[in-house]
Ligand code: PMP
């Protein structure tokens, strides 16, 4: 029986994507060859890469001033590539510290240059999103994390900043409508809302590049990957293809607007139960609650065994919280059907 998969990542993808990806491994587009054994320079794969890049711009409603890249190294490598490409030798960058991944980005950027942490919720175990800060034009760029996968918080309203805005959207990309043109650089490890692990999406405004005065190592230079159309070296062909299938599935099913509606309904269903049921309490500040990663704890630890047994018996998987938060985390990414959330809510009602 297929499980109700609440895993934080790698995570649930549309069933249709699993099916089509599996078919392509056996026989890609009727070629008599597997997707995994053809050249990345074949016209068949180049068409995949071209379409995978184009669909991102369509979904995000972005024009030709942006470039779309599929890179490797995960979001973690972007922690380094962003400052390498945007931070001038004597300049400084502004970072918002909202969680483990934001802190990871800060740590890496500090190895490259000057970094100011403009606000942090670390002292509150990252249970809220700081809002009381300003970012002036003295900074080369501002970096934030749109959704904090581990703690279950999400930026609902992005700040106005007087500099470039770079955002790690790994865990809520394509989940809600945003004015993506407000961002100068967006990146996301694919393995949540957009595909399997193995590729990282980077969306970058072309005219912000080439201004640091740094001698950027070839592989870390966005301009190189742009010039080579994400084929500077052999791309992760399977991850790019499965990401393309996921984004095509999104586009064919009403795009981000339709996904957002479903995500809002799923989040409401689950948070309403957390707020109604005296056995549970939410971890994140109410106004900053993530609509992708719902973190909660039991109010009475003696019910743990009963609850754990009940959700496992209901076919639920991947509900344990991250070790730094404890409790439970229900990740309800785009591909999660509301019926699965209802199964979890029914289990919560039953204990
Ligand atoms: N940023 C966020 C918000 C994440 O959730 C994660 C991984 N869960 C990362 C960065 C790190 O991504 P990767 O494993 O692709 O390096």
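Residue-by-condition table, conditions (1) in contact with a strand residue (DSSP E or B) (Cβ under 7 Å, 6 or more places away or on another chain); (2) modelled with pLDDT under 95; (3) not assigned by TED's automatic domain parsing to the domain that holds residue 170:
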| position | (1), (2), (3) |
| --- | --- |
| 2 | no, yes, yes |
| 23 | no, no, no |
| 27 | no, no, no |
| 35 | no, no, no |
| 38 | no, no, no |
| 46 | no, no, no |
| 53 | yes, no, no |
| 59 | no, no, no |
| 63 | no, no, no |
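Residues of the range 74-97 include at least one that is in the same structural domain as residue 194 (by TED's automatic domain parsing), within 16 Å of the ligand (Cβ to nearest atom), touching a strand residue (DSSP E or B) at 6+ places or on another chain (Cβ under 6 Å) and more than 21 Å from residue 204 (Cα to Cα).
For every residue, the table says whether it meets (1) at pLDDT 95 or above; (2) touching a helix residue (DSSP H, G or I) at 6+ places or on another chain (Cβ under 9 Å); (3) within 11 Å of the ligand (Cβ to nearest atom); (4) on the phi > 0 side of the Ramachandran plot.
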residue: 137; (1), (2), (3), (4): yes, no, no, no
residue: 147; (1), (2), (3), (4): yes, no, yes, no
residue: 151; (1), (2), (3), (4): yes, yes, yes, no
residue: 154; (1), (2), (3), (4): yes, yes, yes, no
residue: 159; (1), (2), (3), (4): yes, no, no, no
residue: 164; (1), (2), (3), (4): yes, yes, no, no
residue: 184; (1), (2), (3), (4): yes, yes, no, no
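Residue by residue, here is whether (1) surrounded by 20 or more Cβ atoms within 10 Å (Cβ to Cβ); (2) on the phi < 0 side of the Ramachandran plot; (3) within 27 Å of the chain's Cα centre (by Cα) holds:
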residue: 286; (1), (2), (3): no, yes, yes
residue: 300; (1), (2), (3): no, yes, no
residue: 309; (1), (2), (3): no, yes, no
residue: 321; (1), (2), (3): yes, yes, yes
residue: 332; (1), (2), (3): yes, yes, yes
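Inclusion of residue 175 among residues that are closer than 23 Å to residue 18 by Cα, away from the ligand (no atom under 12 Å from the Cβ), buried (at least 20 other Cβ atoms within 10 Å of the Cβ) and touching a residue at least 60 places away in the same chain (Cβ under 8 Å) is warranted.
Take residue 201 and decide whether it is in the same structural domain as residue 41 (by TED's automatic domain parsing), in contact (Cβ under 8 Å) with a residue 24 or more places away in the chain and either surrounded by fewer than 21 Cβ atoms within 10 Å (Cβ to Cβ) or away from the ligand (no atom under 16 Å from the Cβ) (or both).
On the way: in the same structural domain as residue 41 (by TED's automatic domain parsing): yes; in contact (Cβ under 8 Å) with a residue 24 or more places away in the chain: yes; either surrounded by fewer than 21 Cβ atoms within 10 Å (Cβ to Cβ) or away from the ligand (no atom under 16 Å from the Cβ) (or both): no.
Here the answer is no, as residue 201 does not meet what is asked.
Restricting the first member to the range 54-77 and to residues that are closer than 13 Å to residue 240 by Cα, and the second to residues that are more than 16 Å from the ligand (Cβ to nearest atom) and in a strand (DSSP E or B), the beta-carbon pairs closer than 8 Å and six or more apart or on different chains are 54/68; 56/68; 69/204.
Those residues that are in a loop (DSSP other than H, G, I, E, B) and either assigned by TED's automatic domain parsing to the domain that holds residue 331 or crowded, with 17+ Cβ neighbours inside 10 Å (or both), I need them from the range 131-158; list them, please.
In the first step, residues of the range 131-158 are kept if they are in a loop (DSSP other than H, G, I, E, B); the result is 131-140, 146, 149-152, 155-158.
Answer for the range 131-158, where residues must be in a loop (DSSP other than H, G, I, E, B) and either assigned by TED's automatic domain parsing to the domain that holds residue 331 or crowded, with 17+ Cβ neighbours inside 10 Å (or both): 135, 139, 140, 146, 149, 150, 151, 152, 155.
Selection within the range 220-237: residues that are in a helix (DSSP H, G or I) and more than 16 Å from the ligand (Cβ to nearest atom). The member of this set that is farthest from residue 167 (Cα to Cα) is 237. In summary, residue 213 fulfils each of the numbered conditions (1) modelled with pLDDT of 95 or more; (2) in a loop (DSSP other than H, G, I, E, B) with the single exception of condition (1).
The values are calculated or read from the model by the stated rules, or taken from the named source; none is laboratory data. All values derive from a computational prediction rather than experimental measurement. Note that we place each Cβ from the backbone using ideal geometry, even for glycine, and neighbour counts take in every protein chain shown.
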